[in-house]
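First up is the structure itself, then whatever we jot down about it.
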Amino acid sequence: MLTFALTIVRHGETQYNRDKLLQGQGIDTMLSETGHKQAAEAGRYLKDLHFTNVFVSNLQRAVQTAEIILGNNLHSSATEIILDPLLRERGFGVAEGRPKEHLKNMANAAGQACRDYTPPGGETLEQVKTRFKKFLKSFYQCMLEEHGSSDQCSASSSGPSEPEQPVIAGLSSDGVHNVPVHALIVSHGAFIRVSVRHLVEDLQCCLPAGLKMNQVFSPCPNTGISRFIITLRREESDPRAARIQCVFINRKDHLDDVKNSDLTVL
């Protein structure tokens, strides 16, 4: 068994976010001035945490955000950034580069909700989930290969004890006390939303008391932060998550001082 923390951060604002234009995968934009500020604030918020592993979408807005976060971190500046195209944003096909309203109009014309609609050439939500599941498989394997020989792994071989509930005090360190292995993922709004839904609905992630489902599945703001505690079990075929505990979803405390931040999902 291996227990580790996972912190997921959405990239900072780009000009396309500000202008409410779809980026997807085909438009590889840089952070705006506000996006740089958001990423720096996220980095300062997370500065006292030690990230043992960092996985990032290979699109520029995510890479820049990760670099800024680590540049502000006191313990993780030397941690290697692994770029993974599986963490890219949902592909929006012909709608990329166009206003979000255009996507809504296309969905309305097709008689579908905007979130569920797939424009020509785009990815379905099921395809995005499949991509996240593929990432999880390799991610779990990597975590076990690098950290699976730790004392906690061997000591748990006879069977897991019921883990303590994470203390949630509104601090950046919530949930990571006494959890020495901590992975950071930097990705994108629509991808994160699909990923969280998979963790909660399909993998039966445990949620904090009082957290409402509309909060769980709400759009992630630019540099919004979510955290999970995952316990992996070795299987003959592939590693499996024996338990996933959500600590918090879409936290944005660090954005209070950033003006004009865009809180849209795409």
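The values are calculated or read from the model by the stated rules, or taken from the named source; none is laboratory data. Here the structure is a predicted model, which is why all the values come from computation and not from measurement. Every residue, glycine as well, gets a Cβ built from its backbone with ideal geometry; the counts of neighbours run over all protein chains shown.
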Item to check | Boolean, residue 223 is crowded, with 19+ Cβ neighbours inside 10 Å and outside any helix (DSSP H, G or I) | outcome: yes
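If the requirement is being touching a residue at least 60 places away in the same chain (Cβ under 8 Å) and out of contact with any helix residue (DSSP H, G or I) (no Cβ under 6 Å at 6 or more places or on another chain), which of these qualifies: 67, 101?
So the residue among 67, 101 that is touching a residue at least 60 places away in the same chain (Cβ under 8 Å) and out of contact with any helix residue (DSSP H, G or I) (no Cβ under 6 Å at 6 or more places or on another chain) is 101.
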Next on the checklist: Consider the stretch 70-96. How many of its residues are exposed (fewer than 14 other Cβ atoms within 10 Å of the Cβ), assigned to a loop (DSSP other than H, G, I, E, B) and either touching a residue at least 24 places away in the same chain (Cβ under 8 Å) or hydroxyl-bearing (Ser, Thr, Tyr) (or both)?
Outcome noted: 3
Next on the checklist: Looking at the stretch 201-212, can you tell me whether even one residue there is of a type outside the set (A, V, I, L, M), in a loop (DSSP other than H, G, I, E, B) and surrounded by 16 or more Cβ atoms within 10 Å (Cβ to Cβ)?
Outcome noted: yes
Checklist outcome for this item: Within the stretch 109-136, the residues that are surrounded by fewer than 14 Cβ atoms within 10 Å (Cβ to Cβ) and either over 19 Å from residue 90 (Cβ atoms) or touching a residue at least 40 places away in the same chain (Cβ under 8 Å) (or both) are 109, 111, 134
Checklist entry - What number goes with the only condition from (1) touching a helix residue (DSSP H, G or I) at 6+ places or on another chain (Cβ under 8 Å); (2) at pLDDT below 95 that residue 135 does not pass? => result (2)
Item to check | Matching entry among 145, 126, 162 (being out of contact with any helix residue (DSSP H, G or I) (no Cβ under 6 Å at 6 or more places or on another chain), under 29 Å from residue 211 (Cβ atoms) and modelled with pLDDT under 95) | outcome: 162
Checklist entry - Considering only residues of the stretch 111-146 that are charged (D, E, K, R) and under 16 Å from the mean Cα position of the chain (by Cα), which is nearest to residue 25 (Cα to Cα)? => result 131
Next on the checklist: I'm trying to understand the selection: among the residues of the stretch 32-91, which are more than 22 Å from residue 254 (Cα to Cα), modelled with pLDDT of 95 or more and hydrophobic (A, V, I, L, M, F, W, C)?
Outcome noted: 59, 81, 82, 83, 86, 87
Checklist outcome for this item: Picked from the stretch 17-62 (must be without any contact (Cβ under 8 Å) to a residue 40 or more places away in the chain and part of a helix (DSSP H, G or I)), the residue surrounded by the fewest Cβ atoms within 10 Å (Cβ to Cβ) is 33
Checklist outcome for this item: Selection from the stretch 137-150 of residues acidic (Asp, Glu) and in contact (Cβ under 8 Å) with a residue 60 or more places away in the chain yields 146
